[in-house]
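**Q** Here you go, one structure.
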Amino acid sequence: MPRPSRPLLSRKSIVATSLELIDRDGLATFSMPGLASAMSVRAASLYHHFRDKAEILSEVARYMVSQTAIPARPSRDEWQEWFVALAANLRDVLLEHPHAAPLMLQFPPRDILVAVTENSAAVLVEYTDFPSYVHILILDTLEKLTLGAALSEVMKAPEKRGLIYPHVDHAEHPILTRGLASNPWTVDEIFRESVRALLAGVATRFEQPRVTHSATAT
């Protein structure tokens, strides 16, 4: 039997092409006919693999989160930096796909996020003496901080991304202007410092040993 002239459709190839189209053209223009055209198939063929566009977009969100690198297990005195790295890795994945990142609001991949959170909870159990309810405080706050930081960045106009308070007017906002002039951190570094500040604050509040790091460490 001769080979087909083009690769057979699969869920994986459909999701990959969908993400490519969203990255290139934006989420608003994504459509089943457009996806079918990009894959040189009929739109009806896509429905053999997915119920509808919503299911495809849900899988795109799952795929993005699944690309988050999980850091190697830390030593006991580096557990805070493990969480800094994990949060930064998830944020970086979403920033790589600014048009697709808002799918996290509509189609949050809870199964993957919960699995990552369970793994993170195991790190807290192994390397800290916090009671279990403090684990929930840390994990819930970190998820919200990370997703919020990523989404607030991708919602900026492309030319404003990477800028801190891009709409500050020097004349109308002199205090913020002075603060920005003395700020030593990039947007990425501020995010990492935010995670460190959160974890150090929790450690102090609940009497855990605090690990000191350079303010500009990445």
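The values are calculated or read from the model by the stated rules, or taken from the named source; none is laboratory data. None of these values were measured; they are calculated from a predicted model. Heads up, the Cβs are rebuilt from the backbone with ideal geometry, glycines too, and the neighbour counts pull from every protein chain shown.
**Q** Among the listed residues Asp92, Asp111, which satisfies the condition of being at pLDDT below 95 and under 20 Å from the mean Cα position of the chain (by Cα)?
**A** The unique qualifying residue is Asp111.
**Q** Scan the range 88-97 and give yes if some residue there is in contact (Cβ under 8 Å) with a residue 60 or more places away in the chain, farther than 29 Å from Ala200 by Cβ and crowded, with 18+ Cβ neighbours inside 10 Å, otherwise no.
**A** Taking every residue of the range 88-97 in turn, at least one turns out to be in contact (Cβ under 8 Å) with a residue 60 or more places away in the chain, farther than 29 Å from Ala200 by Cβ and crowded, with 18+ Cβ neighbours inside 10 Å.
**Q** Another question, then. Listed residues Arg161, Arg196; which is in the same structural domain as Glu81 (by TED's automatic domain parsing) and modelled with pLDDT under 95?
**A** Numbers: Arg196 fails: modelled with pLDDT under 95.
Sole residue among the options that is in the same structural domain as Glu81 (by TED's automatic domain parsing) and modelled with pLDDT under 95: Arg161.
**Q** Let me ask another. Identify, from the list Ala87, Ala43, Ala38, Ala72, the residue that is under 25 Å from Pro158 (Cα atoms) and either of a type in the set (Val, Ile, Thr) or out of contact with any strand residue (DSSP E or B) (no Cβ under 8 Å at 6 or more places or on another chain) (or both).
**A** After applying the criteria, what remains is Ala87.
**Q** Looking at this structure, is Ala203 in contact (Cβ under 8 Å) with a residue 60 or more places away in the chain and over 15 Å from the mean Cα position of the chain (by Cα)?
**A** So Ala203 fits the description; yes.
**Q** In addition: Against the condition more than 20 Å from the chain's Cα centre (by Cα) and buried (at least 17 other Cβ atoms within 10 Å of the Cβ), how does Thr128 come out, does it pass?
**A** Spelling it out, Thr128 is indeed more than 20 Å from the chain's Cα centre (by Cα) and buried (at least 17 other Cβ atoms within 10 Å of the Cβ).
**Q** Could you go through the range 134-149 and let me know if any residue there is more than 28 Å from Ser18 (Cα to Cα), more than 24 Å from the chain's Cα centre (by Cα) and of a type outside the set (Lys, Arg).
**A** no
**Q** Taking the range 64-87, which residues are over 22 Å from Glu189 (Cβ atoms), polar (S, T, N, Q) and within 19 Å of the chain's Cα centre (by Cα)?
**A** If the condition is that a residue be over 22 Å from Glu189 (Cβ atoms), polar (S, T, N, Q) and within 19 Å of the chain's Cα centre (by Cα), then Ser66, Gln67 are the ones that fit.
**Q** Against the conditions (1) farther than 26 Å from Phe30 by Cα; (2) outside the structural domain of Arg192 (by TED's automatic domain parsing); (3) not small (Gly, Ala, Ser), where does Val60 fall short? Just the number, please.
**A** (1)
**Q** State whether one or more residues within the range 76-86 are touching a residue at least 24 places away in the same chain (Cβ under 8 Å), surrounded by 15 or more Cβ atoms within 10 Å (Cβ to Cβ), among the polar types (S, T, N, Q) and within 21 Å of Asp140 (Cα to Cα).
**A** yes
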